[in-house]
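To keep things clear, I will list the structure first and then write my remarks on it.
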Amino acid sequence: MSTPYANIESLVSLTDAQFHTGSLILMVSYGAHFAFILYFLWTQKDLAPRYRLVPLLSALVMASAGLSLLREFSFWLETYQWNGSLYVPAEDGTTFSNAFRYGNWTITVPILLTQLPLAFALARPEIRRRAIRMSIPALLMIWTGLVGQFGETGDFTQLNIWGLISTLFFVWLIVEVHGTIRAGKAASPAPLAEFPDKLWWYFLATWGLYPIAYALPQLGMTGDVVVVRQLLFSIADISSKLIYGVILSRYLLRRSALEGYLPAQQALGDVPATGTAGR
Ligand code: RET
């Protein structure tokens, strides 16, 4: 009795607590992304002009992800009906879909990857070359995963085969990202030389959550799996986009200051703000 193209969300009933936890998770996710548009627009002003595109791109990612997550939230509300004791899948056939997430990643992932060579201030042709080389495996990874996730309500063959193909593209992507991180290490000023390595581990830990969320339906079609999966997606989203953007902006603030950009030095408190000297 599986609905074609449905995710497991549309096939399980939820307790009151599970339904509201799910609503809360999705609400916090889109709320956080929308709120941080302001942070990234504001934080630009202290960065040296050549770095300002990086937080601007974060603001763009926030808007795009916020809209997508708002849609997931309304799907969630539309999918379930209270029957007096449980939230059951709506009888009119309205279904939940995680597929829109993959559509959203198609936009956000190439932007997130392009932020890396931009933040490391690599030479212009190098930025373009690396952005393209990272985006190709990333898009192939997302689109093969998209095909696979449509198989999560079946016998898992489609889920696993496409998941495996997608993982191969992920490995290719990891190799490309590592190359960019190495180039970034070489281009970072000495006091910030540790930063690219830390970012590398952060990248692996946060992007690595997505395949776990993808594979989770194999643990069973239960309300707990549904809620835990939305939680995993949310943790991954907030860390790979929002906190990642904050980390890059902080790095660029320190880098701008090291390169002698006065507003950055003032923002960090390294030199007194104009007009406050001697206070
Ligand atoms: C899929 C399919 C299963 C195998 C693998 C996957 C990897 C997904 C990743 C997604 C990253 C998304 C980000 C979105 C930000 O907006 C497609 C789930 C390896 C790594 C960072």
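Of note:
Residue by residue, here is whether (1) within 23 Å of Ser68 (Cα to Cα); (2) of a type in the set (A, V, I, L, M); (3) in contact with an Asp or Glu (Cβ under 8 Å, 6 or more places away or on another chain) holds:
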{"site": "Ala187", "(1), (2), (3)": "no, yes, no"}
{"site": "Phe195", "(1), (2), (3)": "no, no, no"}
{"site": "Trp207", "(1), (2), (3)": "yes, no, no"}
{"site": "Ala213", "(1), (2), (3)": "yes, yes, no"}
{"site": "Ile235", "(1), (2), (3)": "yes, yes, no"}
{"site": "Leu252", "(1), (2), (3)": "no, yes, no"}
{"site": "Leu268", "(1), (2), (3)": "no, yes, no"}
{"site": "Pro272", "(1), (2), (3)": "no, no, no"}
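- Residues of the stretch 57-76 that are away from the ligand (no atom under 16 Å from the Cβ) and surrounded by fewer than 16 Cβ atoms within 10 Å (Cβ to Cβ): Ser74 alone.
- Test for Tyr202: is it at negative phi, within 15 Å of the ligand (Cβ to nearest atom) and either surrounded by 20 or more Cβ atoms within 10 Å (Cβ to Cβ) or over 21 Å from the mean Cα position of the chain (by Cα) (or both): no
- Filter pass, Trp162 being away from the ligand (no atom under 16 Å from the Cβ), in a helix (DSSP H, G or I), farther than 30 Å from Lys198 by Cβ and at pLDDT 95 or above: no
- The set of residues from the stretch 230-273 being of a type in the set (D, E, K, R), within 27 Å of Leu60 (Cα to Cα) and without any contact (Cβ under 8 Å) to a residue 40 or more places away in the chain comprises just one member, Arg250.
- Among residues of the stretch 102-151, those that are closer than 30 Å to Ala193 by Cβ, among the hydrophobic types (A, V, I, L, M, F, W, C) and part of a helix (DSSP H, G or I), counted: 14
- Test: residue in the stretch 222-243 that is part of a helix (DSSP H, G or I), modelled with pLDDT of 95 or more, surrounded by fewer than 17 Cβ atoms within 10 Å (Cβ to Cβ) and basic (Lys, Arg): no
The values are calculated or read from the model by the stated rules, or taken from the named source; none is laboratory data. Fair warning: this is a prediction, and the values are worked out from it, not measured in the lab. Here the Cβ is made from the backbone with ideal geometry for all residues, glycine too, and neighbour counts use every protein chain on show.
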